[in-house]
Structure formats: structure tokens, C-alpha cells
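Student: I'd like to ask some things about the structure below.
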Amino acid sequence: MLNAFYHLLIRDLRLALRNRHELANPLIFFVLVVSLFPLAVTPTAEALQSMAPGVIWVSALLAVLLSLDRLFKQDYDDGSLDQLMLSPNPLMILVFAKVIAHWLLTGLPLVIVAPLLGMFMSLPADAVSVLVYSLLLGTPVLSLIGAIGVSLTVAVNRGGVLLSLIVLPLYIPVLIFGANAVDVAADGLSVKGQLTFLAAMLALAASLAPLATAVALRITASR
Amino acid sequence: MWNWIQRFSSPKHFYGMSAMIIPWFAISALLIGVYGLYLGLFVAPTDYQQGESYRIIFVHVPAAWMSLFIYMVMATSAAIGLIWQIRLADMVAAASAPIGASFAFLALVTGSLWGKPMWGAYWVWDARLTSELILLFLYFGYMALQSAIDDQRSADKASGLLAIVGVVNIPIIHYSVEWWNTLHQGATVAKLDKPSMHIDMLIPLLLMAVAFKLFYGAVVLVRTRNEALYRDRNRRWVRELIEKL
């Protein structure tokens, strides 16, 4: 079982690394969207700083949302998703491996590039480190919840808009706590509560979302 | 027991049964609603702080309650449909969603109408209004998924699973919004000192809540009947119904 988990993880990573430009797309999108905001408002340090947490978090959310497609789409199209479902290993575990691969390929790069964007938006240094922590805890939740949405819509024609309609309301708690942590940190207050909440959501999502995704994939496959 | 449930939940049996129940729901909803509105609009005392405009709560609060209640009904019947493969439960879930969305919308509209004289603006990012808005989005997601999938069985299953995922999320969303609001806005906006409610206001409110529930009962039965007719349009019992016309 662990063997299957490991091999699937490696397979997904390898497939993605052979297609590098696609890998960079969410990251470029993230940087691009965030840098649009200073252009749209008067870029004074105070104005930027006050909107930075929201802007960076919403952009990260959208970047993850746009990248969700590749979680199952290709496997669905070429039939390897059906093969996964036929395997004797619990589907939940396999789903978990795919989600982790997805996070390593999209969530983690966002986390790494985030300090740069914090600098763009003239966030103080303390807030930048909190931004990194909050994204580190929050982006896996986005991948986990998103997996449920993709598995429900992967077989639908033009499912992109539908996917965002389904998934975005479920992202709201993560957005609230993530952006708020950065906001509070910029004011120099303690963010233990917010980060703990994000960690709790991660624990909940990691334990329940793969289960729901596995059920959703079976529903999709039964059509 | 199982056979009994199977027989009772067959769309054909339901179609006959519901025709008898609907008038009862509809008439009692009408009577209780009219009486509740009369008590609320004419008998209940004027609020010393909010004047007459508080009277919108007799529509607003029951509508908000209903929007949550219907989501629960929807998710429960979706779960029943998903687990025990009872088609009628899927139909009830599908029939409930637009009603719940309408109630959520009604709660939002009445809330903002109340907000104009109270807060001086039609829309304030108040915690409860915001979670009501998110609830409306959850309904939209359910309905969009339901209509996006052509095959009825898998549409039911997929949107049912989404409804269940939504139920897990509703408390999280609700509390995070509440928490977000207290952090952002403090006690400046929504904290009009709420006096514990006078009994003359409470009774019409509860009557209206009962009337709304009965109204939902009537409407969901009608909608489920239509759903049953539509989905079973090629089955014998519907054909026979049509031939009798």
C-alpha cells in the first residue's frame, strides 16, 4: 500500500517535471495577478500594505484553483484514472498521493515565491514570515478541498467555471484565517490563534477530503 | 420493513399520497401565516429603539432559518439517496435546492432592507449576512452541478456528495465568518443592544416560522411530484396517468 503511494507520488512528480513550462504557469499567474494591484491603485506603501494580505491570499487561491485541473484531468482523459480505481489499493491512499504531488508542484512554489510578493506589497518582515507560514498551512487545504471539486467535475464539458463555483465557497474559511493572520502580524500582534486554526483545518481536510474525493471519483467513473 | 420502505418510496405511490397531503400543508401555511403576519404587523408593540422597521424580522428571521433548515433537509435526503439508493430521496434533494436558495435570497433582501434605516447602508459586511450569502453560493454550486451532468443518476450522486461536503463546511464557514467579523469591525455596527424579546413579538415570530415550514412542505411536495413525473416520463405509471387525462 505504501509502495503504491510512493510510486504514484513519484510518477506524478516525474510527469510534471517533464513538462516544465506547464509547471511554471500557476506561479507566473500568481506573481502577475499580485503585481496588477499596485498598478490599479496609488502605490503608496500604506495603501499597499493594508491590502497586501488579502491580495496575496486571493491570488494564491486563484492560482491553486486554476491549477486544480491537472490533478485528475489528464489521468481521466488517458484512462489511467480507471486503472487506479481498479487497483487493489484503497483509492483514498492513491488520491492522497496525487494531492500531495499536486501541492508539491503548485502550492509549495507559491509559498516559496510569496516573500518576494510580500516585498512588492511593502509588508514588514514579521508579516512576511507569517505570510509564508500561513500559506504553508493553507495551500495544502486548498489542494485537498479542490480535489473533491475536480473529481466531481472532471467529466463535465467546460467544467472550469463550474469548478470555481463549487470550490470557492468552501475556500472561504482558509482565506479568512490566512489573510487575517498576515493582517494581524503586520500590526505586530500574536498570530498563534490563526495559525492553529489553519493547522486544524489542514488536519480535518487531510483526514476527510481524500475519502470524499475517492467517493466522487467512483461516481464520476460510473457514468 | 425494507419492502415497506421500498414500496412507500416509489415515485408512483408518492405521487398518489402527496396529492392528498399538499392541500393540508398549503391551507394551514396560509392560515397560520396570515394570523402570524396580523399579530406581527398590527398587534406586536413598536420597538423602542428601532421603531416600526423592526417588523421585517417576521419575514427575515424565518426565511434565514428556513434557508439553513432546507440545506439540512437537502443534504440528509441526498445522503439517503446516496447510501440506500432511494430515488425519491434524490428527487426531494433536487426539488429542495431552488426553494432553499429562494429563502436565502429572501433573507438577504429583507436583511439589507432592514439594514438601510438601521445601519445607513443597504449592505454591511455583517457576519450573519455574509454567511447567508455564502450559503446562497453553496446552493448555487449544488444546482449548477446538478444541471451540468446529463445522466440523472450520477448528477444526483455527485451533487449529493457536494451537499454533504457543504454540511461539514457550514459550521466552519459560519464560525470563521463570525470570528472574522468581530476582528474586523468590532462592536460598532451590528451590536444594537438587543433586549430579550418581548413575548408579543416572539409569538408572531414563531408562528411565522411554523407557517414558513408548512409552506416549504407544500412547495417541496409539488416540486417533487413534478420531478417524479419528469424523471419517470417514460415509465408505465406516468403513461397511464397521461392516458387517463
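The values are calculated or read from the model by the stated rules, or taken from the named source; none is laboratory data. Since this is a predicted model, take the numbers as computed values, not measurements. When we count neighbours, we look across all protein chains shown, and the Cβ atoms used for this are built from the backbone with ideal geometry, even at glycine.
Student: Take the residues in segment B:8-29 that are more than 18 Å from B:GLU227 (Cα to Cα) and without any contact (Cβ under 8 Å) to a residue 60 or more places away in the chain, then tell me which one is surrounded by the fewest Cβ atoms within 10 Å (Cβ to Cβ).
Tutor: B:PRO23
Student: Condition (residue is within 13 Å of the chain's Cα centre (by Cα) and of a type in the set (S, T, N, Q)) applied to segment B:87-96: is it met by at least one residue? Let's see the steps before the verdict.
Tutor: Residues of segment B:87-96 that are within 13 Å of the chain's Cα centre (by Cα), as a first pass: B:92-96.
Add one more test, that the residue is of a type in the set (S, T, N, Q), and what stays is B:96.
Scanning segment B:87-96, I find at least one residue that is within 13 Å of the chain's Cα centre (by Cα) and of a type in the set (S, T, N, Q), so the answer is yes.
Student: Now, a different point. Return only the number of the condition from (1) out of contact with any Gly (no Cβ under 8 Å at 6 or more places or on another chain); (2) free of Cβ contacts under 8 Å to residues at least 60 places away in the same chain that B:TYR122 does not satisfy.
Tutor: (1)
Student: What is the residue count in segment A:1-50 for residues that are among the acidic types (Asp, Glu), surrounded by 15 or more Cβ atoms within 10 Å (Cβ to Cβ) and free of Cβ contacts under 8 Å to residues at least 12 places away in the same chain?
Tutor: 0
Student: Do you know which residues across segment A:170-223 are more than 21 Å from A:PRO90 (Cα to Cα), among the basic types (Lys, Arg) and within 9 Å of another protein chain (Cβ to nearest Cβ)?
Tutor: If the condition is that a residue be more than 21 Å from A:PRO90 (Cα to Cα), among the basic types (Lys, Arg) and within 9 Å of another protein chain (Cβ to nearest Cβ), then no residue fits.
Student: Would you check if B:ASP150 is closer than 27 Å to A:GLY146 by Cβ and of a type outside the set (Lys, Arg)?
Tutor: yes
Student: Given the condition modelled with pLDDT under 90 and away from every other protein chain (no Cβ under 13 Å), answer yes or no: does some residue in segment A:126-136 qualify? Let's see the steps before the verdict.
Tutor: If we filter segment A:126-136 for residues that are modelled with pLDDT under 90, which is where we start, we get A:126.
Now narrow it down to the ones that are away from every other protein chain (no Cβ under 13 Å): A:126.
Within segment A:126-136 (the criterion being modelled with pLDDT under 90 and away from every other protein chain (no Cβ under 13 Å)), the answer is yes, since at least one residue qualifies.
Student: Let me ask another. Among B:MET208, B:MET143, which is the only one that is at pLDDT 80 or above, closer than 16 Å to B:HIS60 by Cα and not small (Gly, Ala, Ser)? Before the answer, list the steps.
Tutor: On the way: B:MET143 fails: closer than 16 Å to B:HIS60 by Cα.
Being at pLDDT 80 or above, closer than 16 Å to B:HIS60 by Cα and not small (Gly, Ala, Ser) holds for just one of B:MET208, B:MET143, which is B:MET208.
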